[in-house]
Amino acid sequence: MENQPFYKKWSEDIWAVCIASILILGVLTAAFIMPESSFKAATYGWSSFGELSEKVLAVDNLTKLLGIAVLFSLFALGAVKGSSSSIHYIKGFAVIFLLGLVSLIIAGNKTINYYGIEYVIFGLILGLSISNLKLAPDWLTNAARSEFFIKTGLVILGCSVLFTDIIKAGLPGIIQAVVVVLVVWTFALWLSRKLGVDDEMGVILASAVSICGVSAAIVASGAIQGDKKKLSYVTTIVLLMAVPMLILQPWIIRYFGIPEIVGGAWLGGTLDTTASVTAASQLVGPLALKAGVIVKFSQNVLMGVAALLIAAWWTYTKNPESKKKGGNNWILIWERFPKFVLGFLAVSLLFSFVIPSAQGKQVTGFLNGFRTIWFAMAFVSIGLEAKFSELFGKGSGKPALAFVGAQFFNLIWTLIWAYLLFGGYLLPVPDLQ
């Protein structure tokens, strides 16, 4: 062990940050060298089989995806540190990459995209189907590294979460994000305890409901060093719950005549990903889209704060070492703190205040294409790691009941604050024209 290369000792978090950083710096370097070049991500959108063949399955698009697959597989192979044979891992990675692309292509259909059904749902379904029909060999399940994939994607997500956009929105988005996250997180943990759910599951569940779904669940799980099976359970519930919310919430806004800007703030505070907020808000209107994205970005930024607070709270209340004197609490908190969150914040700050706006706009779409592929593989992996027997049998369904109850409370509480802050009752209506 002493003679191992330094990179063999890196944690999953460090690998995620390094891989994302290499990708980001590589693209930025190319943009500065070739300022006039356009950086186009791979395309998945199609409305007919002819368009599918001509655009998505075109040679240049498939070549681009093949290059990404080779690059990502080499990165991932280094990150697994020889825990499985290279040949078997590359084979499993290739299958997961392909399943991720299938989920992106299905979701790229114009009709499916219109209703806001995301690739994450199809990725989860594909993974769950293969896993629960017992079609997954060991070499495939061993390559399913959902946390590693999503951590890498989350660091890249930082290039789209700009502090400058949040500042422009003023107080309403920030206040709503803080009030919703604090109250919903507390309520969800209280409800979990009332239903007899253990605190480890409760913290992961509460973070998923209150902040931003799967990403927040992974952050919280890292902060408390939680059980990966519990994390897989929560992430699966999050995605299953997302489907009816995506369909019903835009309909509720239109049916009850909720003001467009209020509806957007409501969607931004309750739906779990920026992509789902964007898709649902577009069904409501342009003001809803702007309000929704601003609120969601504000909640995304809170992931770093949440990670620190959860790590500190868990260390002081649950760790026996924290009872001892000697000033080691901050060391324990640092050990628990999910390091990839620092990468996410660093990238966000870099694109907010250092990278010129023109270069940022030039490369963000391309980088988001990388992030989307990492996420697609992550959700396929979540499906491969989950078992229906565990999902519906765990704790007599109490965690699922706690999640549904907390999400219902989240919907009501967030709608109240969306009206108060974006409806002009407490503050002037933000000018998002």
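The values are calculated or read from the model by the stated rules, or taken from the named source; none is laboratory data. All values derive from a computational prediction rather than experimental measurement. Glycine gets a Cβ as well: all are built from the backbone with ideal geometry, and neighbour counts include every protein chain shown. Side chains are part of the model used for accessible areas, which takes the heavy atoms of the whole protein and leaves out ligands, DNA and RNA. Shrake-Rupley method; radii C 1.70, N 1.55, O 1.52, S 1.80 Å.
Calculate the FRET efficiency for Val404 and Trp251 from the Cβ-Cβ distance with a Förster distance of 25 Å, rounded to the nearest 0.05. So, using R0 = 25 Å, E works out to roughly 0.85. Rounded to the nearest 20 debye, the dipole magnitude of the chain is 620 debye, with +1 charges on Lys and Arg beta carbons, -1 on Asp and Glu beta carbons, and the Cα centre as origin. With a Förster radius of 22 Å applied to the beta-carbon distance between Leu309 and Ser357, the computed FRET efficiency rounds to 0.10.
FRET efficiency for the pair Tyr316 and Asp198, taken as 1/(1 + (r/R0)^6) with r the Cβ-Cβ distance and R0 = 25 Å, rounds to 0.85. From most to least packed by mean Cβ count within 10 Å, the peptides 40-50, 225-235, 344-354 give 225-235, 344-354, 40-50.
Among the DSSP helices (H) of the chain, those spanning at least 20 angstrom by Cα along their long axis with an average Kyte-Doolittle hydropathy of -0.5 or more are 12-33, 59-79, 86-107, 171-194, 228-255, 286-318, 357-385, 398-422; this is a geometric and hydropathy rule only.
Ordering of 330-341, 244-255 by packing is 330-341, 244-255, highest average first (other Cβ atoms within 10 Å, averaged per residue). Projecting the Cα atoms of Leu62, Gly100, Leu239 onto the charge dipole of the chain (Cβ charges, centred on the Cα centre) puts Leu239 farthest toward the positive pole. The modelled label-to-label distance for the pair Ala94/Lys40, using points 7 Å beyond Cα in the direction of Cβ, is 2.8 nm.
In this structure the amide hydrogen of Asn109, modeled in the peptide plane, comes within under 5 Å of the amide hydrogens of Trp46, none closer than 5 places in sequence on its chain. The length gained by stretching the chain between Trp330 and Leu74 to full extension, at 0.36 nm per residue less their Cα-Cα distance, is 88.6 nm. Packing here is the average count of other Cβ atoms within 10 Å per residue, and on that basis the peptides 397-408, 171-182, 370-381, highest first, run 370-381, 171-182, 397-408.
Taking 0.36 nm per residue of separation and subtracting the current Cα-Cα distance, fully stretching the chain between Val429 and Leu240 would add 64.6 nm. For the chain, with all protein chains present and a 1.4 Å probe, just round the carbon and sulfur fraction of the accessible area to a whole percent. Carbon-and-sulfur percentage of accessible area, whole number: 68. For a paramagnetic label modelled on Leu135 (point 7 Å from Cα along Cα→Cβ), amide N atoms under 17 Å away belong, within the range 367-386, to 380-386. Using Cα Rg over 2.2 N^0.38 Å as the read-out, say which of [x] 0.96; [y] 1.15; [z] 1.66 was calculated from these coordinates. Recomputing Cα Rg over 2.2 N^0.38 Å here picks out [x].
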